[in-house]
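S.K.: Before I ask anything, here is the structure I am working with.
The values are calculated or read from the model by the stated rules, or taken from the named source; none is laboratory data. The model shown is predicted, which means the values in this text are computed figures rather than measured ones. Here the Cβ positions follow ideal geometry from the backbone for every residue, glycine too, while neighbour counts run over all protein chains shown.
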Amino acid sequence: MKNLLIVLALLNITWLSAQVKSPKKEKVTPEIKTFKINKGSSIKLNQADNIYFDYDVIKGNKMVFDYNFKAKDRESVADDEYRERIVFQIDSKTKSFVLTGDSLIAAKAYYTRSCFCLDRGNYKINGGSIKGKLINANTWKVDLDLIITPSAERGVEPLTVKVSGTFKLSNTK
């Protein structure tokens, strides 16, 4: 009996010492925002059905504005990855613009949410405004104040997205 108690005490001490973690610094990837313009491009809609769709940026005669946001990511947390993307196109000769209502639809404005969440996916932007002004040959100041209304089939609430940034002409075509 005495030996059993000693063995149990040693096992208990071993288990407790294994629970003490060495002070490791957690790896965290910082958030990233990019604001790019693709000149000589356009957006092609790939419609699967009335709810789900995808889009591609292809060679064309427009300017495609492409905003990407990647949230801070903690390596120790599973499924905390989060991304947003907003794309829209305008005529390449434009010097300033205000997109609302039908002009948002004509600009093929789309929002993508990528996450471990119910409302992930692609959305057509049909509310709010996008305002832009040419600063120099390669740079635009753009303010996005958007309302994304998902279809009733998705069963999620409208999303509000506000972003301001300086978009720069991308070196890639």
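S.K.: Taking the range 107-120, which residues are under 12 Å from the mean Cα position of the chain (by Cα) and over 15 Å from K70 (Cα atoms)? Before you say what the answer is, go through the steps one by one.
M.R.: Step one: list which residues in the range 107-120 are under 12 Å from the mean Cα position of the chain (by Cα), which gives 110-115, 120.
Within the range 107-120, Y110 is the sole residue that qualifies.
S.K.: Give the residue that is nearest to I32 (Cα to Cα), with candidates limited to residues of the range 54-101 that are more than 20 Å from the chain's Cα centre (by Cα), assigned to a loop (DSSP other than H, G, I, E, B) and charged (D, E, K, R).
M.R.: Here the answer is K95.
S.K.: Would you point out the residue of the range 77-88, among those that are more than 19 Å from K162 (Cβ to Cβ) and touching a strand residue (DSSP E or B) at 6+ places or on another chain (Cβ under 9 Å), that is surrounded by the most Cβ atoms within 10 Å (Cβ to Cβ)? Quick ask: steps written out before the conclusion?
M.R.: Keep residues of the range 77-88 that are more than 19 Å from K162 (Cβ to Cβ), which gives 77-81.
Narrowing the set further to residues that are touching a strand residue (DSSP E or B) at 6+ places or on another chain (Cβ under 9 Å) leaves 79-81.
Values: D79: 8, D80: 13, E81: 15.
Looking at the filtered set, the residue picked out is E81.
S.K.: Let me ask something else. Filter the range 114-173 for residues that are acidic (D, E), at pLDDT below 95 and closer than 16 Å to K33 by Cβ and give the result.
M.R.: Start the filter on the range 114-173 by keeping residues that are acidic (D, E), which leaves 119, 143, 145, 153, 157.
Of the ones still in play, those that are also at pLDDT below 95 are 119, 153, 157.
None; the set is empty.
S.K.: Out of the range 102-151, which residues are of a type in the set (S, T, N, Q) and in contact with a Lys or Arg (Cβ under 8 Å, 6 or more places away or on another chain)?
M.R.: Within the range 102-151, the subset of a type in the set (S, T, N, Q) is 103, 112, 114, 122, 126, 129, 136, 138-139, 149, 151.
Answer for the range 102-151, where residues must be of a type in the set (S, T, N, Q) and in contact with a Lys or Arg (Cβ under 8 Å, 6 or more places away or on another chain): T112, S114, N138, T139.
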